[in-house]
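*Asks:* Please read through the structure below; I'll follow up with questions.
The values are calculated or read from the model by the stated rules, or taken from the named source; none is laboratory data. This one's a predicted model, so the numbers in the text were calculated from it and none came from an experiment. Every residue, glycine as well, gets a Cβ built from its backbone with ideal geometry; the counts of neighbours run over all protein chains shown.
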Amino acid sequence: MNIVVAVKLVPDLVEELEIDDSGAALDMTWMRLIINEFDDHAIEQAILLKERGGGQLTVVVPDAEGADDVLYAAAAKGADRLIKLMGDFEEGVNNHALARVLATIVKELQPDLVLTGVQAHDDLDGSVGPLLAEHLGMPYVGYVAGVEMNDGVATARKEYPGGLIGEMEVTLPTVLGIQAADEPPRYVPISKIRQTMKTASIEEQDADELDPGGAPTVSRMFEPETCERATMIEGDEDEIAAKLVEVFQEAGIL
Amino acid sequence: MNQDIYVVIEHLRGQMADISYVMLAAARALAQGTGGSVMAVLLGHNAQELAGDLAADRVLYVDDPALADFTSDAYLAALSALISENEPRAVLLGHTSIGMDVASGLSARLGLPLVSQCQSLSADGKFLSQICGGKIMAEGALPGPTALVTMAPGGYKPEEGQSAEPPEVAPTAAPTLEGLRVTLAQYIEPEAGDVDISKEPILISVGRGIQNEDHIELAEELAKALGGVVCSSRPVVDQGWLPTSRMVGKSGQVVKPKLYLAMGISGAPEHVEAITDSEMIIAVNTDPAAPIFDIAQYGAEVDMTDLLEVLTELVEEEKGG
Ligand SMILES: Cc1cc2nc3c(=O)[nH]c(=O)nc-3n(C[C@H](O)[C@H](O)[C@H](O)COP(=O)(O)OP(=O)(O)OC[C@H]3O[C@@H](n4cnc5c(N)ncnc54)[C@H](O)[C@@H]3O)c2cc1C
Ligand SMILES: Nc1ncnc2c1ncn2[C@@H]1O[C@H](COP(=O)(O)O)[C@@H](O)[C@H]1O
C-alpha cells in the first residue's frame, strides 16, 4: 500500500501574532512555523497503518522554515520518502494554490491513501484535504479519528458532536482528513532524529506556478476587540488562590 | 445567477443541528443586502418534517434513499448539481463535521470561491472570519459570483433562525446518485463515561498547559476538594491522558456548569463554543493574550501547576475550618 501524507506548516499560536503594514495579512517575517497539530496525527496514523499492513509512506511538505525538521522527524518515525515542495511559500500560501500544486506531485506518487490534517487554524479558504481530493478525483472523508484497511476499502471513524462516530467505508484511492490517530503521536527523541538526518535524504521537487484562485480577498485583519475582558487577579499563586477562594464563596460554590 | 442565499441544513439521525438555525440567521442578514430570498436546502430521506421551524422563505427538499444518512460523496453530488443549476449569490454550510466535508470539494469541483470559519455576514456583503485559534479576525467582501461559506457558531443565536410559521417546502429533484464511493457502515454510540460532564455543576478543565500526565492528579485533587470533576480540551484527550467522555468542545460535550475553571486552555473557537452557557468561567493561563480571557469573568496569569497545589490546600482548609 502506498500512503502519502501532506503536511502544512502553520504559525505557532503561542507566539505573538502580528499584522503587517497592509493591515490585511499576518506578518510572516518573524513568525515561528510549526507542523499543523492534526498533520502530526496524520503522520502517526500513516505509520500505524504501515506497521499493521506494510507499505510505503511518503511525506510531502511545502518548503518553509522548519520543513526539514518535520521531514526528518517523520523519517525517524518510519516514513520512507521525504519530499520538499519548492516554491515561494515564505510569504504564506493559500490552500487553493497549495492543493493545486500538491495534486500534481501526489498524482505521480499513485497513492492508495492520502492523509492530511482535518484542518489548520489559518484555513480561511477551506481545507487542503478535500480540495486535493477533488483535484485527484478521489472521495474525501474528514474529522477522522481512526482508520482501518480491508481489501481496497478504508474504514474511517468519522467524528460527530458529542462523541458519536459514523463508521464510513470509502473505496480506494481516497483522501482522509485526520482529526486524531488511533493512538497519540509517538515522540521521537532528538538524538534519533539527528541520526536519521545522516541517512535520510530529502527530495526537492519544484512546484508548478501558484494559482491562488478560489480564495477570498481579505481587506482587514485585526485582533478581536472584546467589550468585556476577565477581571485579572494579580499576585503570586498564594494571593491568587486566596482570591479565588473568595470568588468561590461568593458564588456559593464553597 | 440570482441573489438568493442557500443554506445547507444540517441534521443527523432525525435531529436538527443548531448550526442550521445559526446559518439561516446569517443568511437573513446577507439577504437583506442582496434583496434575494433565503432558501433552505434540505437533503434527506423521509425528512420533510424537519423543515417545520426553519426561518427560510422556501425549503428546497431533496428526498433520496442515498441521502438518508450524511455521506460526503452523495451530498457533494446533490449539491453541486443544485448550485450549478441555480447559481445563488451564496451557499452557507456548517463549519462542522458535515459542512467541512463538502464545502472545499464543491469549491474545487465548481470553481467557486470559498470563505471558511465565518462568524458573521453583513447586509453590505462582507464576511467576518475568526482564524488562528480565535486570535485573529479577517474581514473582506464576499467573493462572487457564488460564494461558498462555512459558518462557525457564535455569531447568531439559534432562535434567530427559527420560525413559528412553517416555511413553504418545494420538492426538488436530485441527480441520480450512483457509483458512490463513501457509505455509512454504522453509527457507534459514545462510550458512557463514569460521569456525565454535561450535567456537572463544577468543572475543573485542563488543557495542553498541564504539560504532562502526572499533573492530571493535581487537577483531580482540586476537583475532589471542590466537589467537582475534571474535564479537558481536545489535546489532553488525544494524548490519552483522559477518556473521550471528558472532552469539552465541538467534537466533545457541551457543558453549562456553575463554575468552569479553565486551566492551561487557550480558548480556541472549537473549545469555546461548548462552554459559553457556563454561569462563571475562570481562566488560568500564562499567556496574557490567550483568547480564553476574553470570555472569562475572572482570570489569572500564572503557571497552573504552581497554582493547583496551593489552591487545593486552601480550599481544603476552608472546608475543614
Ligand atoms: C475539527 C476540529 C474539532 C475540534 N474539536 C475540539 C473539541 O471538541 N474540543 C477542544 O478543546 N478542541 C477541539 N479542537 C481543537 C482546537 O482547535 C484547539 O486546538 C484546542 O482546543 C486547543 O487546546 P488547548 O487550549 O488545551 O491547547 P493550546 O491551544 O495549545 O493552549 C494551551 C494553553 O496553555 C497555556 N499554558 C501553557 N503552559 C501553561 C502553564 N504552565 N500554566 C498555565 N497555562 C499554560 C498556553 O499559554 C496556551 O494558552 C478541534 C479542532 C478541530 C480542527
Ligand atoms: N513527536 C514529534 N512529532 C513531530 N515532529 C517532531 C516531534 N518531535 C520533534 N519533532 C520535530 O523536531 C524538531 C525538534 O524538536 P525537539 O525534539 O522537541 O527538540 C521540532 O521542531 C519538530 O519539527
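*Asks:* For the condition within 22 Å of residue B:183 (Cβ to Cβ) and assigned by TED's automatic domain parsing to the domain that holds residue B:144, what is the one hit in B:40, B:66, B:27?
*Replies:* B:66
*Asks:* Those residues that are within 16 Å of ligand 2 (Cβ to nearest atom) and touching a Gly at 6+ places or on another chain (Cβ under 8 Å), I need them from the range B:232-277; list them, please.
*Replies:* Selection gives B:235 alone.
*Asks:* Something else now. Which residues, counting only those in the range B:266-295, are among the small types (Gly, Ala, Ser) and more than 19 Å from residue B:234 (Cα to Cα)?
*Replies:* The answer is B:289, and nothing else.
*Asks:* A further question follows. For the range A:206-239, which residues satisfy the criterion of being polar (S, T, N, Q) and either touching a Lys or Arg at 6+ places or on another chain (Cβ under 9 Å) or assigned to a loop (DSSP other than H, G, I, E, B) (or both)?
*Replies:* Selection gives A:217, A:219, A:226.
*Asks:* Looking for whichever is within 16 Å of ligand 2 (Cβ to nearest atom) and surrounded by 22 or more Cβ atoms within 10 Å (Cβ to Cβ) here; the options are A:69, A:63, A:39. Which one fits?
*Replies:* Unique residue meeting the criteria: A:39.
*Asks:* Another question about this same structure. Can you report the number of residues in the range B:217-239 which are within 13 Å of ligand 1 (Cβ to nearest atom) and closer than 23 Å to residue A:245 by Cα?
*Replies:* Result for the range B:217-239: 4.
*Asks:* Could you give every pair whose Cβ atoms fall below 9 Å, whose first residue belongs to the range A:209-223 and is among the hydroxyl-bearing types (Ser, Thr, Tyr), and whose second residue is surrounded by 12 or more Cβ atoms within 10 Å (Cβ to Cβ) and in a loop (DSSP other than H, G, I, E, B), counting only separations of at least 6 or pairs across chains?
*Replies:* A:217/A:24; A:217/B:143; A:219/A:24
*Asks:* Would you confirm whether or not the range B:4-14 contains a residue that is surrounded by fewer than 18 Cβ atoms within 10 Å (Cβ to Cβ) and assigned to a loop (DSSP other than H, G, I, E, B)?
*Replies:* There is at least one residue in the range B:4-14 that is surrounded by fewer than 18 Cβ atoms within 10 Å (Cβ to Cβ) and assigned to a loop (DSSP other than H, G, I, E, B).
*Asks:* To continue, here is another question. Restricting to the range A:26-76, give me the number of residues that are within 16 Å of ligand 1 (Cβ to nearest atom) and in contact with a helix residue (DSSP H, G or I) (Cβ under 6 Å, 6 or more places away or on another chain).
*Replies:* 1
*Asks:* List the number of the failed condition for residue B:243; all other conditions in (1) more than 7 Å from every other protein chain (Cβ to nearest Cβ); (2) within 9 Å of ligand 1 (Cβ to nearest atom) hold.
*Replies:* (2)
*Asks:* Let me ask something additional. Just to verify a result, which residue in the range B:272-291, among those that are among the aliphatic types (A, V, I, L, M) and crowded, with 21+ Cβ neighbours inside 10 Å, is farthest from residue B:224 (Cα to Cα)?
*Replies:* Step by step, filter the range B:272-291, then rank; the result is B:290.
*Asks:* Looking only at residues that are within 19 Å of residue B:256 (Cα to Cα) and more than 7 Å from chain A (Cβ to nearest Cβ) in the range B:292-321, which one is surrounded by the fewest Cβ atoms within 10 Å (Cβ to Cβ)?
*Replies:* Per the stated criteria, the residue is B:295.
*Asks:* Just the residues that are assigned to a loop (DSSP other than H, G, I, E, B), closer than 15 Å to residue A:9 by Cα and either of a type outside the set (D, E, K, R) or over 15 Å from the mean Cα position of the chain (by Cα) (or both), please, taken from the range A:33-68.
*Replies:* Answer for the range A:33-68, where residues must be assigned to a loop (DSSP other than H, G, I, E, B), closer than 15 Å to residue A:9 by Cα and either of a type outside the set (D, E, K, R) or over 15 Å from the mean Cα position of the chain (by Cα) (or both): A:36, A:64, A:65, A:66.
*Asks:* Further question on the same structure: Given A:190, A:202, which one is touching a residue at least 12 places away in the same chain (Cβ under 8 Å) and within 16 Å of ligand 2 (Cβ to nearest atom)?
*Replies:* Just one listed residue meets the conditions, A:202.
*Asks:* Could I ask something else about it? Picking from A:115, A:85, which residue would you name as being assigned to a strand (DSSP E or B) and within 16 Å of ligand 2 (Cβ to nearest atom)?
*Replies:* After applying the criteria, what remains is A:115.
*Asks:* List the strands (runs of 3 or more DSSP E) inside the range B:72-157, counting only whole elements, that have at least 3 residues being closer than 25 Å to residue A:226 by Cβ and touching a Cys at 6+ places or on another chain (Cβ under 9 Å).
*Replies:* The qualifying strands (runs of 3 or more DSSP E) are B:126-131, B:147-151.
*Asks:* Look at the range B:175-231 and say how many of its residues are within 16 Å of ligand 2 (Cβ to nearest atom) and either assigned to a loop (DSSP other than H, G, I, E, B) or away from chain A (no Cβ under 11 Å) (or both).
*Replies:* Qualifying residue count for the region: 2.
*Asks:* Moving on to the next point. If residue B:145 meets every condition in (1) more than 12 Å from chain A (Cβ to nearest Cβ); (2) surrounded by 16 or more Cβ atoms within 10 Å (Cβ to Cβ); (3) more than 16 Å from ligand 1 (Cβ to nearest atom); (4) more than 30 Å from residue A:252 (Cα to Cα) apart from one, which number is that one?
*Replies:* With respect to (1) more than 12 Å from chain A (Cβ to nearest Cβ); (2) surrounded by 16 or more Cβ atoms within 10 Å (Cβ to Cβ); (3) more than 16 Å from ligand 1 (Cβ to nearest atom); (4) more than 30 Å from residue A:252 (Cα to Cα), residue B:145 is out only on (2).
*Asks:* Test residue B:104 against the stated conditions and say whether it is polar (S, T, N, Q) and without any contact (Cβ under 8 Å) to a residue 24 or more places away in the chain.
*Replies:* yes
*Asks:* Suppose the filter is of a type in the set (Val, Ile, Thr), modelled with pLDDT of 95 or more and buried (at least 23 other Cβ atoms within 10 Å of the Cβ); does residue A:47 pass it?
*Replies:* Judged against the criteria, residue A:47 is not a match.
Residues checked against (1) in contact with a Pro (Cβ under 9 Å, 6 or more places away or on another chain); (2) surrounded by 18 or more Cβ atoms within 10 Å (Cβ to Cβ):
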residue	(1), (2)
B:56	yes, yes
B:59	yes, yes
B:64	no, no
B:67	no, yes
B:77	yes, yes
B:108	yes, yes
B:118	no, yes
B:124	no, no
B:127	yes, yes
